[in-house]
1. Taking region 427-484 on its own, how many of its residues are at negative phi, part of a loop (DSSP other than H, G, I, E, B) and not basic (Lys, Arg)?
2. Do we find a residue being touching a helix residue (DSSP H, G or I) at 6+ places or on another chain (Cβ under 7 Å), open to solvent by 60 Å² or more (accessible area, probe 1.4 Å) and modelled with pLDDT of 95 or more anywhere in region 337-350?
3. Does ASN248 satisfy the criteria of being over 21 Å from the mean Cα position of the chain (by Cα) and either within 16 Å of the ligand (Cβ to nearest atom) or at pLDDT below 95 (or both)?
4. Could you tell me whether THR442 is outside the structural domain of ASP137 (by TED's automatic domain parsing), of a type in the set (S, T, N, Q) and either within 18 Å of ALA273 (Cβ to Cβ) or open to solvent by less than 40 Å² (accessible area, probe 1.4 Å) (or both)?
5. In region 91-113, is there at least one residue being over 29 Å from ARG317 (Cα atoms) and either part of a helix (DSSP H, G or I) or among the charged types (D, E, K, R) (or both)?
6. For region 56-74, name all the residues that are more than 26 Å from the chain's Cα centre (by Cα), surrounded by fewer than 22 Cβ atoms within 10 Å (Cβ to Cβ) and assigned to a helix (DSSP H, G or I).
7. How about region 193-219: which of its residues are touching a residue at least 12 places away in the same chain (Cβ under 8 Å) and open to solvent by 30 Å² or more (accessible area, probe 1.4 Å)?
Amino acid sequence: MPFDFLQHTQYLLIGGKRVPAASGRSFETLDPATEQVITRVAQADAADVDAAVRSARAALDGPWGRMRAADRGQALLRWAELIRRDADALVELESLDSGKPVSAIRRQDLPAVLDTLAYYAGWADKINGQVVPARPDALTYTVREPVGVVGAIVPWNFPLMIGMWKIAPALACGCTVVLKPAELTPLTALRLGELALEAGLPPGVLNVVPGFGKTAGAALVDHPEVDKVTFTGSPGVGRQILQGAAGNLKRVTLELGGKSANIIFPDADLDAATRAAASAIFFNAGQVCSAGSRILVHESIYDRVVERVAARAALVRLGDPRDVATSMGPVISAGQMKRVLDYIEIGRQEGAQIVTGGVRRGRTGFFVEPTVLTDVDHAMRISQEEIFGPVAAVIRFKDEEEAIRLANGTRYGLAAGVWTADITRGHRFVRRLKVGTVWVNTFGPTDIRLPWGGARDSGFGREHGESAIENFTEPKAVWINTGP
Ligand code: NAD
């Protein structure tokens with residue numbers, strides 16, 4: 001493993017069985033570092049999605065729905081144990097399919113997956129209703145019931161972690177899941193599904209249907225027997241999902257893109273701020289929804305900050321993701337590499353200066369050098385649009401008012417950071433930044449206990465914490481007539 005796992009054909013996982021696609025079709029998945037084909041994967045379309053949804057419904061009405069909540073929690077903990085047992089192989093498989101450095105997966109993604117499972121396993125038997133004393137002639141109370149069959153559609157930038165952010169709370173709440181991984185990174189989702197079966201989750205509780213967005217993804221969104229769609233991806237697809245979900249008025253949660261501002265004041269600890277500013281945009285090659293892609297810097301320290309961020313960029317170890325010393329791998333695909341390089345060119349044409357990077361590294365693999373663009377104006381496309389690559393746009397501001405106006409001045413509203421020694425200013429920014437998460441004197445940490453999500457083009461609804469429990473349950477009101 002992962003090479004044992006890759007020995008067998010990568011089939012769909014439906015109703016506890018590995019099955020080929022009904023159409024017999026399959027697609028290739030590539031290693032972004034070498035451009036070599038890793039393996040072929042069965043390609044789900046509407047017929048397979050329908051079979052997966054039916055098996056999820058049967059599990060919901062059957063063994064999973066009848067299981068004690070505490071036993072559901074135990075099943076999730078057994079699953080976590082198997083993920084821990086197979087951690088090395090999962091890390092390698094994730095790295096192979098996504099190009100993420102093994103060191104980063106081991107440090108961040110895998111611990112987050114285990115933490116998420118443990119956290120929601122604990123919730124499973126603590127999802128309580130309330131007695132609400134509405135009237136003297138009735139016992140009135142609420143129970144929280146699972147919302148039903150959940151369609152989970154995830155992107156390629158954190159396949160294991162974002163997948164688990166959706167699956168774990170859904171299962172803890174008693175829902176069943178059909179997971180559609182991104183077509184660029186289907187492998188670890190399939191392996192997670194196998195481990196779930198080994199852990200004793202009944203067949204059909206977690207089905208995995210790799211395939212393309214327009215076919216498998218859209219079929220899941222359109223399916224009348226899917227009760228909720230939880231989606232992480234781009235705003236364009238988010239809009240299509242809302243339209244598709246209108247058919248049976250599915251519940252929808254959308255976690256979309258970002259163009260997050262990282263605001264640095266002269267009174268900040270500049271060493272810490274610039275170190276964090278660099279990792280906020282170079283971590284995962286900038287393919288992070290909350291990447292600190294706009295560094296807003298007070299004009300009095302602009303040159304110093306640019307110099308330090310560029311120096312940090314020079315320290316990034318761009319290369320083979322399987323080398324433990326590597327800190328940044330390739331971007332996910334040829335298409336993504338072109339998009340990133342095109343944006344750098346657009347920035348240049350708009351008048352930005354390339355201080356460092358700006359080009360592809362090597363001829364094989366989708367490696368883009370860590371890039372710092374200066375003299376960026378707020379109105380430029382590179383300042384307004386999500387690039388989703390290792391490209392920092394450094395923008396000047398004069399005063400607090402301008403910093404707030406620029407920070408809030410894009411279509412997105414996912415996250416923002418502010419660096420200052422002035423605690424009252426920190427609090428003012430917390431209040432005035434129109435985003436789902438504000439970091440003060442740090443940038444980027446997330447924790448499963450805290451809500452995660454955004455506003456405007458960053459989507460709506462919150463994952464994580466108790467919010468996810470609300471997402472995957474529906475309260476039912478009960479009246480028991482007790483007479484006068
Ligand atoms: P994408 O929207 O192209 O694809 C995401 C998923 O949606 C994939 O599984 C894809 O197959 C599927 N999909 C595509 N078209 C579909 C359709 N018509 N119907 C149903 N499903 C469809 O996004 P991507 O390129 O994989 O990911 C990058 C985007 O995700 C960026 O915009 C990024 O900011 C965002 N993202 C957001 C968060 C967050 O938490 N807010 C986290 C990670 C990534």
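The values are calculated or read from the model by the stated rules, or taken from the named source; none is laboratory data. Just so we're clear, the structure is a prediction, and the values are computed from it rather than from any experiment. Heads up, the Cβs are rebuilt from the backbone with ideal geometry, glycines too, and the neighbour counts pull from every protein chain shown. For the accessible areas, the whole protein counts, side chains as well, though only heavy atoms, and no ligand, DNA or RNA atoms are used. Shrake-Rupley method; radii C 1.70, N 1.55, O 1.52, S 1.80 Å.
1. The qualifying residues number 17.
2. Here is the first cut: in region 337-350, the ones touching a helix residue (DSSP H, G or I) at 6+ places or on another chain (Cβ under 7 Å) are 343, 346-347, 350.
When the remaining residues are screened for being open to solvent by 60 Å² or more (accessible area, probe 1.4 Å), the result is 350.
Still in the running and modelled with pLDDT of 95 or more: 350.
Yes, the conditions are met somewhere in region 337-350.
3. yes
4. Spelling it out, THR442 is indeed outside the structural domain of ASP137 (by TED's automatic domain parsing), of a type in the set (S, T, N, Q) and either within 18 Å of ALA273 (Cβ to Cβ) or open to solvent by less than 40 Å² (accessible area, probe 1.4 Å) (or both).
5. Taking every residue of region 91-113 in turn, none turns out to be over 29 Å from ARG317 (Cα atoms) and either part of a helix (DSSP H, G or I) or among the charged types (D, E, K, R) (or both).
6. Across region 56-74, the qualifying residues are ALA58, ASP61, PRO63, GLY65, ARG66, ALA69, ALA70, ASP71.
7. GLU194, LEU197, GLU198, GLY200, PRO203, PHE212, GLY213, THR215, ALA218
Per-residue answers, yes or no, for (1) more than 16 Å from the ligand (Cβ to nearest atom); (2) surrounded by 20 or more Cβ atoms within 10 Å (Cβ to Cβ); (3) at pLDDT 95 or above:
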| position | (1), (2), (3) |
| --- | --- |
| VAL91 | yes, yes, yes |
| LEU96 | yes, yes, yes |
| ASP109 | no, yes, yes |
| ASP115 | yes, no, yes |
| ASP125 | yes, no, yes |
| ALA138 | yes, no, yes |
| THR142 | yes, no, yes |
